[in-house]
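The values are calculated or read from the model by the stated rules, or taken from the named source; none is laboratory data. Just so we're clear, the structure is a prediction, and the values are computed from it rather than from any experiment. Using ideal geometry, Cβ is built from the backbone for each residue, glycine included, and neighbour counts are taken over all protein chains shown. Surface areas here come from the heavy atoms of the whole protein model, side chains and all, with no ligands, DNA or RNA. Shrake-Rupley method; radii C 1.70, N 1.55, O 1.52, S 1.80 Å.
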Amino acid sequence: MNTETAPIPNGLPMERNAGPFDPPREITALRAARPVSPMLFPDGHQGWLVTGYDAARKLLADTRFSSRLDVEVIHVPFEIPGMPIATEPSPQIPGMFIAMDPPDHTRLRRKLTGAFTLRRMKELQDHITDVVERQLDAMAALTPPVDLVKEFALPVPSLVICELLGVPYSDRDSFQANSAKFMVKEQSLEEKMGAYIALNTYLGELVTNKRAAPDEDILSDLARDEDLSIEELTGIAFLLLLAGHETTANMLSLGTFALLEHPDQAAALRADPELYHDAVDELLRYLSVADIFYRFATEDIELGGEIIPKGATVVVSLLAANRDPERFENPDTLDVMRQARGHLAFGHAVHLCLGQQLGRLEMRAGFAGLLRRFPTLALAVPASEVPLRTDMNIYGVHALPVTWTDTAE
């Protein structure tokens with residue numbers, strides 16, 4: 001066992017002190033020195049931080065590292081004012097298969113595999129392009145500067161996932177507000193639960209109605225399955241709606257920010273639209289907006305030359321892993337021509353993101369349409385003034401003020 005470094009004190013380094021797109025400098029240094037590092041959590045728990053690519057990939061594929069929240073206390077690696085220190089495991093939320101292990105996870109995920117096949121997603125390609133083009137038309141009709149998050153990055157995936165799931169888009173203000181509140185890191189338990197209960201109540205009523213009168217959408221298809229309880233349907237709906245718009249919206253906005261800060265890469269994409277296929281995976285690798293994953297060890301497990309003791313909470317930084325020079329050459333360089341397959345931005349193994357192909361289609365259509373329609377797109381404020389989502393569990397920007405001098409037909 002490596003004993004050269006003491007546990008990282010004071011929890012997980014979070015400050016984006018290396019730039020808006022890069023891991024904190026402390027995490028980059030830790031990856032170089034000790035890719036699997038002991039870490040002292042604010043509540044006194046000695047957990048572990050995984051930053052190396054190989055170790056992260058192995059951990060995500062090893063079911064002895066559990067995703068469940070109802071067996072062990074999952075310790076939080078940063079202080080949350082007003083949040084009491086957890087002393088008991090969290091109750092299992094029905095349908096929330098992201099926090100389950102096989103066979104429970106397998107049973108629920110199988111219910112959804114037919115809805116998210118690669119073939120079915122490709123059939124949606126023209127529709128997604130139409131959604132993007134309509135939103136670009138609406139944005140072009142505005143007088144710049146505008147907030148790209150509000151006018152483009154958030155509406156596109158919200159429209160797509162609402163149509164797929166059968167969630168009325170007219171309800172977007174409410175569910176977007178509650179999902180955003182739910183994603184805030186430093187908030188009291190009462191605030192977090194208030195947002196969760198509001199969204200859960202709304203979705204519970206929705207799936208109950210779909211069970212009584214199903215339509216042609218994913219939630220109706222699930223509601224026809226009597227093997228799923230209303231509570232499980234609600235949990236699945238919560239997960240799909242949250243993941244279906246939050247992650248892609250933040251990739252579209254933060255990815256645009258990154259391309260505007262790397263004009264040579266944006267120029268390469270405008271010159272050769274065939275590059276978007278690889279460029280999206282490179283942006284996913286480079287930005288990794290869903291950065292932090294949690295697991296706990298169900299037994300003593302060797303990982304990266306370290307022994308992770310049973311019951312220990314393990315924090316995995318996908319951003320750090322995706323920037324590992326042992327896996328990707330010049331990893332801190334954004335290169336839209338890079339073959340970035342194998343990145344971990346969508347997770348890995350049994351918990352590989354179910355909607356990964358949908359997200360890729362939305363991002364390819366979104367970035368391609370945006371750069372084509374707005375050839376002079378630029379930040380409307382200095383890069384240092386763009387408000388970063390360092391306070392949220394999914395990284396990105398709160399707003400991205402942009403401007404342009406003309407649009408292309």
Problem set entry | Share of pairwise Cα separations in the stretch 283-409, more than 25 Å, in percent | 42
Problem set entry | Non-local Lys pairs in the chain, i.e. 8 or more apart or on different chains, that have alpha carbons under 22 Å apart | 6
For this session: For VAL397, enumerate residues with amide H under 5 Å from its amide H, sequence gap 5+ or separate chain, H modeled in the peptide plane.
Result: LEU254, ARG389
Exercise. Solvent-accessible area per residue for the chain at a 1.4 Å probe radius, Å²?
Worked result: 43
Seminar exercise, completed: Here the net charge surrounding SER158, from other residues whose Cβ is less than 10 Å away from its Cβ (Lys, Arg +1; Asp, Glu -1), is -1
Exercise. Can you work out ³J(HN,Hα) from phi for every residue in the stretch 133-144, in order, using Karplus 6.51 cos²θ - 1.76 cosθ + 1.60 and θ = phi - 60°, giving whole Hz and x for Gly and Pro?
Worked result: 5, 4, 5, 5, 4, 5, 5, 5, 7, 8, 8, x
Seminar exercise, completed: Reported to the nearest 10 Å², GLU133 has, with a 1.4 Å probe, an accessible area equal to 50
Exercise. Considering only DSSP states other than H, G, I, E and B, which chymotrypsin sites (Phe, Trp or Tyr not before Pro) in the stretch 216-280 qualify as loop sites with at most 14 other Cβ atoms within 10 Å?
Worked result: none
Exercise. With all protein chains present and a 1.4 Å probe, how do LYS192, LYS122 order by accessible area, largest first?
Worked result: LYS122, LYS192
Problem set entry | With every protein chain in place, the chain: carbon and sulfur % of accessible area (1.4 Å) | 53
Problem set entry | Residue-count net charge about GLN176 - beta-carbon cut-off 11 Å; Lys, Arg +1, Asp, Glu -1 | 0
Problem set entry | Hypothetical label at ALA268: residues of the stretch 281-296 whose amide nitrogen lies under 18 Å (7 Å Cα-Cβ projection) | 281-288
Exercise. Dipole magnitude of the stretch 310-409 about its Cα centre, charges +1 at Lys/Arg Cβ and -1 at Asp/Glu Cβ only, in debye to the nearest 20?
Worked result: 380
Problem set entry | LYS181-LEU352 FRET efficiency (beta carbon distance; Förster radius 30 Å; 0.05 resolution) | 0.60
Exercise. For the stretch 52-59, what does the Karplus curve 6.51 cos²θ - 1.76 cosθ + 1.60, with θ = phi - 60°, yield as ³J(HN,Hα) per residue in whole Hz, taken in order and with x for Gly and Pro?
Worked result: x, 4, 4, 5, 5, 5, 5, 4
Exercise. How large is ³J(HN,Hα), in whole Hz, for each residue of the stretch 228-240 in order, when computed from phi with the Karplus curve 6.51 cos²θ - 1.76 cosθ + 1.60 and θ = phi - 60°, using x for Gly and Pro?
Worked result: 9, 6, 4, 5, 5, 4, 5, x, 5, 4, 4, 5, 5
Problem set entry | Cα-based equivalent ellipsoid, the chain: semi-axes from gyration tensor eigenvalues, Å | 32, 28, 20
Exercise. Cα centroid distance between the stretch 201-276 and the stretch 328-352, in Å?
Worked result: 21
Exercise. Using a 1.4 angstrom probe with every protein chain in place, what is the largest-first accessible-area order of ILE93, ILE301?
Worked result: ILE93, ILE301
Exercise. What net charge do the residues around PHE97 carry, taking every other residue with its C-beta under 12 Å from that of PHE97, with Lys and Arg at +1 and Asp and Glu at -1?
Worked result: +2
